[in-house]
1. Out of all the residues in the stretch 68-82, which are assigned to a helix (DSSP H, G or I) and either open to solvent by 30 Å² or more (accessible area, probe 1.4 Å) or not charged (D, E, K, R) (or both)?
2. So, in the stretch 92-114, how many residues would count as being more than 15 Å from LEU18 (Cα to Cα) and either surrounded by 21 or more Cβ atoms within 10 Å (Cβ to Cβ) or basic (Lys, Arg) (or both)?
3. With GLU194, GLU211, GLU228, GLU232 as the choices, which residue is in contact with a Pro (Cβ under 9 Å, 6 or more places away or on another chain), surrounded by fewer than 21 Cβ atoms within 10 Å (Cβ to Cβ), within 24 Å of PRO25 (Cα to Cα) and not basic (Lys, Arg)?
4. Kindly list the number of the only condition in (1) open to solvent by 10 Å² or more (accessible area, probe 1.4 Å); (2) closer than 16 Å to PHE165 by Cα; (3) assigned to a strand (DSSP E or B); (4) among the hydrophobic types (A, V, I, L, M, F, W, C) that fails for PHE118.
5. Condition check: under 30 Å from THR139 (Cα atoms) and either modelled with pLDDT of 95 or more or open to solvent by 70 Å² or more (accessible area, probe 1.4 Å) (or both). Does ARG10 satisfy that?
6. Return the total of residues in the stretch 81-99 being modelled with pLDDT under 95, touching a strand residue (DSSP E or B) at 6+ places or on another chain (Cβ under 8 Å) and closer than 18 Å to VAL155 by Cβ.
7. Six or more apart or on different chains, Cβ under 8 Å: which pairs go from a residue in the stretch 173-184 that's farther than 15 Å from ALA157 by Cα to one that's acidic (Asp, Glu)? Could you list them?
Amino acid sequence: MESASQTTVRFSHPNRTLVIMAKAPKPGKVKTRLTERLPSAAVTALYRCLLEDTVALATSLTSVEVAVICPEADQEELAQLIGNRVKVVAQKGEGLAAGLNSVFRHFTAAGQRQVIAFNSDSPHLAPSVLDSAFEILATHDVVVGPTHDGGYYLVGAKAVHPTLFESDGMGTRSALDRLLTRTKDLELSTGFTEPFYDIDVANDLILLARELRLAPAKAPRTAGWFGEWQQEVAELG
């Protein structure tokens, strides 16, 4: 029979790990496409709210270890922002491709059998979608969550595939097509969660504003941001 301490250890080190890809909320470094339409201070504050709500979403899941991975220069600031809620890990190398490679290299080496990398700007996603992503990954080599603009908001795997993520096309409208070409070349079975939208441009922000007006509890910090910057957001439409 297990002792209480043994049970706790097993729960705190599950075989499912959700890793949030993040940056420190610094002016001019986050959500830069939104700064074409909104003040830099508003965009920086928005990103911080999105990140904090995303961490809250991730930690609401049961039997899932949550971590944040970020550029090395951002590690200390993010650790202070997030506190002791989740572990903050520095990625190896620069850019999104390096970050994704770091996710799977670091966490699969730590013995995790299902690892999913997730955007830091999708706190409005239903928790059931993240649960289903892990269920899909249990029977596939890779799981992908497509975005409506041709990218993806999550990707998961059970092993490191160094050529799966390349710097060319990352963060563009062809990102999903390029990823799927590589999964095919590597002969990896691939499953999909439902298409979704993340927050990159003004139209995405308008959609999110409508959604959170109806259900602010989905992302309460972000809903509060919309209240603070209501006039500026109204002018986007």
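1. Listed by number, the residues that qualify are GLU72, ALA73, GLN75, GLU76, GLU77, LEU78, ALA79, GLN80, LEU81, ILE82.
2. Number satisfying all stated conditions: 1.
3. Only one candidate passes the filter, namely GLU232.
4. The failed condition is (1).
5. Spelling it out, ARG10 is indeed under 30 Å from THR139 (Cα atoms) and either modelled with pLDDT of 95 or more or open to solvent by 70 Å² or more (accessible area, probe 1.4 Å) (or both).
6. 2
7. As it stands, the answer is ARG173/ASP149; ARG178/GLU166; ARG178/ASP168, since those pairs meet every condition given.
Every residue, every condition in (1) over 13 Å from PHE118 (Cβ atoms); (2) outside any helix (DSSP H, G or I), yes or no:
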{"position": "VAL43", "(1), (2)": "yes, no"}
{"position": "ASP53", "(1), (2)": "no, no"}
{"position": "ASN84", "(1), (2)": "yes, yes"}
{"position": "GLY93", "(1), (2)": "yes, yes"}
{"position": "ARG105", "(1), (2)": "yes, no"}
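The values are calculated or read from the model by the stated rules, or taken from the named source; none is laboratory data. Since the model is a prediction, treat every value here as computed from it, not as a measurement. Cβ atoms come from the backbone with ideal geometry, glycine included; neighbour counts cover every protein chain shown. Keep in mind that these areas ignore ligands, DNA and RNA; they rest on the heavy atoms of the full protein, side chains included. Shrake-Rupley method; radii C 1.70, N 1.55, O 1.52, S 1.80 Å.
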